[in-house]
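First up is the structure itself, then whatever we jot down about it.
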Amino acid sequence: MRNASEFRPDWASPPGATISDLMATFSWTRSDFADRLGETTLLVEELISGRALLTDELASKLAYVFSSSSDFWLSRENQYRASLANIEEIREWLSALPETYMQRRGIIRKGKHLSERASILLDFFGSSSVDEWKVEHSGKNRLAAFRTSPKLESDEGATLVWLRQGEHAADEIDCSKWNLRGFESSLKNIRNLTLEKNPGIFIPKLQKICADNGVIVSIIRTPPGCRASGSARFLSNGNPQILLSFRHLSDDHFWFTFFHEAAHLILHSESGLFLDGLDNETRDRKEIEANAYASDLLIPEEFLQELESLPLTYRPVMRFARKIRIAPGIVVGQLQFRKICPQNRLNKLKTRYRWE
């Protein structure tokens, strides 16, 4: 990581700044200088402020007045215009990220000026420049598997911040070597955790079981604009990470998301980043496979016929949930997911969570 003070973008200093310094050296007023240059006072003011473009003709006149070269002035002008473009690029980059939210949540500190603000965010992402960030953290390769609802546009900048938070969180978790078969075998024990309503109890247990099999589980609240429910990917250290957002704050969504992401690790191995939102539909083969895997684990095949014939009232659903040893809210979620039950029915059986 770099120190914020080390980031030094080229700041826009117009040729007019040099002109102004030279005028002061010779004790020339703007009117004096305009006469020597053979131009109007208005043009001199625009040159000094950087509003006027320094042309070849003006460069030759400046070279004559100051006994310098026209190449010097043209070079100063080119540097100035390039600096303006660089500053604008940085401003646009900063505006695409949830900077204020990150400051408010204590994810990053507040910078005093543009250079410091950019440096702080580049440090957060582990990049040395905006161009490097674009190569490493943005574009089609980074978010190739991102699914989002047709009704909800996801903010890419917010999503990238969430993913990067996941990377930072992963550094804090001790993890065994990735064990695919061990992880797959552990899912039945993890399924039993759905009966526990308190996240303060089931989350540490979930993380421990997964870490013992080489899987890092992190739970990070999403910034505004990020619609992700979860992601699955292999990190640079060789361990996979399941990143969960608790976006819908209900047990059925949380556990379906976990088992969906687990399915990606088991079925699709190191094939890339999977970033999922549960309120959308997709015909992508890998997503269909992950959905099926998660659904079959939550509701085993031998109970499907009984699930499909359940009366859509509270007591039968609760009895069925006890029978297959799973939370009743998950049964409701599966009934809704399979379009057996309307989205507005039986939702009181779901366990609701809140962010402290």
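The values are calculated or read from the model by the stated rules, or taken from the named source; none is laboratory data. This is a predicted model, so every value here is computed, not measured. Don't worry about glycine lacking a Cβ; one is built from the backbone with ideal geometry, like all the others, and counts go over all protein chains shown.
For segment 322-356, the set of residues classified as of a type in the set (V, I, T), part of a loop (DSSP other than H, G, I, E, B) and touching a Leu at 6+ places or on another chain (Cβ under 7 Å) consists of I326 only. Just to be sure before I move on: is T159 over 18 Å from E287 (Cα atoms), among the hydroxyl-bearing types (S, T, Y), crowded, with 19+ Cβ neighbours inside 10 Å and in contact with a Cys (Cβ under 9 Å, 6 or more places away or on another chain) in the structure I sent? Yes: the conditions hold for T159.
Among the candidates R325, R338, the residue that is touching a helix residue (DSSP H, G or I) at 6+ places or on another chain (Cβ under 8 Å), modelled with pLDDT under 95 and surrounded by fewer than 16 Cβ atoms within 10 Å (Cβ to Cβ) is uniquely R338.
Taking segment 189-221 as the range and being in a helix (DSSP H, G or I), of a type in the set (D, E, K, R) and without any contact (Cβ under 8 Å) to a residue 12 or more places away in the chain as the test, only K208 passes.
Within the bounds of segment 156-165, is there any residue that is in a loop (DSSP other than H, G, I, E, B) and touching a residue at least 24 places away in the same chain (Cβ under 8 Å)? No, segment 156-165 contains no residue that is in a loop (DSSP other than H, G, I, E, B) and touching a residue at least 24 places away in the same chain (Cβ under 8 Å). Residues that are free of Cβ contacts under 8 Å to residues at least 60 places away in the same chain and part of a loop (DSSP other than H, G, I, E, B) within segment 106-140 comprise G106, I107, I108, R109, K110, K112, H113, S127, S129, S138, G139, K140, listed in sequence order.
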